[in-house]
Amino acid sequence: MARIFITGSADGLGLMEARMLAAQGHEVVLHGRNEQRAKDALSRVPGAVTALAADLSSIAETRSLAEEVNDLGSFDAVIHNAGVYHVPHNSRTVDGLPEIFAVNSLAPYILTCLIRRPKRLVYTSSGLHRGGDGALRDLASGEAEKVASNYADTKLHMVILAFAVARKWPEVLSNAMEPGWAATKMGGAGAPVSVEDGSRTQVWLAVSRDREALVSGRYFHHLRPGSFHPAAADPAVQEKYLSLCGRLSGIVFPD
Ligand SMILES: NC(=O)c1ccc[n+]([C@@H]2O[C@H](COP(=O)([O-])OP(=O)(O)OC[C@H]3O[C@@H](n4cnc5c(N)ncnc54)[C@H](OP(=O)(O)O)[C@@H]3O)[C@@H](O)[C@H]2O)c1
């Protein structure tokens, strides 16, 4: 039995991953954007241990979430799932950042830095990451008000982060994956991939004993190796990304 923490598990793929893992007998800790969504999550996943609340668009709330996760003890796996796609153009967070960057990129960075290292980390990217900017021009100023990420950039950030962690923390299995276009609130009812199928790779990477899942620094699509943006594997890009996130969050990546 493994202990797994899943961000954004009140709905969509995160909720399905939680249900699958709890049904397999694993200890699952859920997360929602606020107290009500945390309660929603808990009511939707039979057998889940508890649910934590935090708005991942806020650096302060994300920091507190990491503390609450650590108060629960060590985890075998953390699945970074929460994400946004449809956000009002130019919407800025309490920290002055674009919401899409704060939730999709900076929150996973902060949680990775501050949560006690689990055995496995799973980062939810998207096939759209291949259109992201490997030069990281969106962040290059290092100033919150000048950050201008789009969805593809943030999903590339997930792959860069996963590969950076794999390189720097050899004791942790850290991988990125894409679920495919799945029929969630984000993907829409007409999406070709079911929520179940879109969740299987995350569950597999989190707990499977298969040799193919016990790897690090890889990218997957439906349980198979997938193609990824080459910049993600470049240590110079990874270092630049970690340094920019450190500057924007005030949290230095722990080597
Ligand atoms: N569906 C697809 O086709 C697809 C394709 C590629 C990648 N992905 C990725 O898969 C992941 C899950 O997406 P999904 O399709 O399951 O989308 P979803 O149904 O919209 O679920 C996203 C989850 O993230 C949570 N969330 C959003 N903003 C948050 C915030 N500020 N603080 C805390 N939680 C927040 C949502 O909470 P609420 O429920 O309260 O809004 C929800 O639980 C995302 O990272 C997405 O980028 C999805």
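The values are calculated or read from the model by the stated rules, or taken from the named source; none is laboratory data. Note that this is a predicted model, so its numbers are computed, not measured. Quick reminder, even Gly has a Cβ in these numbers, built from the backbone with ideal geometry, and neighbours come from all protein chains shown.
Kindly evaluate Gln202 against the criterion of being of a type outside the set (D, E, K, R), within 24 Å of Ala140 (Cβ to Cβ), part of a helix (DSSP H, G or I) and touching a helix residue (DSSP H, G or I) at 6+ places or on another chain (Cβ under 8 Å).
For Gln202, the condition - of a type outside the set (D, E, K, R), within 24 Å of Ala140 (Cβ to Cβ), part of a helix (DSSP H, G or I) and touching a helix residue (DSSP H, G or I) at 6+ places or on another chain (Cβ under 8 Å) - is not met.
Every residue in region 117-131 that is under 18 Å from Met186 (Cβ atoms) and in contact with a strand residue (DSSP E or B) (Cβ under 7 Å, 6 or more places away or on another chain), please.
Selection gives Val122, Tyr123, Thr124, Ser125, Ser126, Gly127.
List the number of the failed condition for Val193; all other conditions in (1) within 14 Å of the ligand (Cβ to nearest atom); (2) under 26 Å from Asp76 (Cβ atoms); (3) among the β-branched types (Val, Ile, Thr) hold.
(2)
Considering only residues that are hydrophobic (A, V, I, L, M, F, W, C) and near the ligand (Cβ under 7 Å from one of its atoms), look in region 1-13 and name the one that is surrounded by the most Cβ atoms within 10 Å (Cβ to Cβ).
Leu13
Could you count how many residues in region 153-190 are under 20 Å from Arg130 (Cα atoms), more than 6 Å from the ligand (Cβ to nearest atom) and of a type outside the set (A, V, I, L, M, F, W, C)?
Qualifying residue count, region 153-190: 7.
Quick one: would you say Ser174 is within 21 Å of Glu17 (Cβ to Cβ) and out of contact with any Phe, Trp or Tyr (no Cβ under 6 Å at 6 or more places or on another chain)?
yes
Among the residues in region 207-216, are any surrounded by 17 or more Cβ atoms within 10 Å (Cβ to Cβ), at pLDDT 95 or above, within 19 Å of the chain's Cα centre (by Cα) and under 20 Å from Gly83 (Cα atoms)?
no
When only residues in region 14-42 that are within 13 Å of the ligand (Cβ to nearest atom) and polar (S, T, N, Q) count, which is surrounded by the most Cβ atoms within 10 Å (Cβ to Cβ)?
Among those that are within 13 Å of the ligand (Cβ to nearest atom) and polar (S, T, N, Q), it is Asn34.
For residues in region 43-56 being closer than 21 Å to Arg116 by Cα and of a type outside the set (Asp, Glu), which is surrounded by the fewest Cβ atoms within 10 Å (Cβ to Cβ)?
For region 43-56, the residue satisfying everything is Thr50.
Are any of the residues in region 228-243 at pLDDT 95 or above, under 15 Å from Cys113 (Cα atoms), surrounded by 15 or more Cβ atoms within 10 Å (Cβ to Cβ) and touching a Phe, Trp or Tyr at 6+ places or on another chain (Cβ under 7 Å)?
For region 228-243, residues at pLDDT 95 or above, under 15 Å from Cys113 (Cα atoms), surrounded by 15 or more Cβ atoms within 10 Å (Cβ to Cβ) and touching a Phe, Trp or Tyr at 6+ places or on another chain (Cβ under 7 Å): present.
Quick one: which of Phe75, Phe101 is touching a strand residue (DSSP E or B) at 6+ places or on another chain (Cβ under 6 Å) and within 21 Å of Gly14 (Cβ to Cβ)?
Going through Phe75, Phe101 in turn, just one is touching a strand residue (DSSP E or B) at 6+ places or on another chain (Cβ under 6 Å) and within 21 Å of Gly14 (Cβ to Cβ): Phe75.
Could you check, for region 107-117, whether at least one of its residues is out of contact with any Ser or Thr (no Cβ under 9 Å at 6 or more places or on another chain), in contact (Cβ under 8 Å) with a residue 60 or more places away in the chain and closer than 23 Å to Leu248 by Cβ?
Yes, there is a match, as at least one residue in region 107-117 is out of contact with any Ser or Thr (no Cβ under 9 Å at 6 or more places or on another chain), in contact (Cβ under 8 Å) with a residue 60 or more places away in the chain and closer than 23 Å to Leu248 by Cβ.
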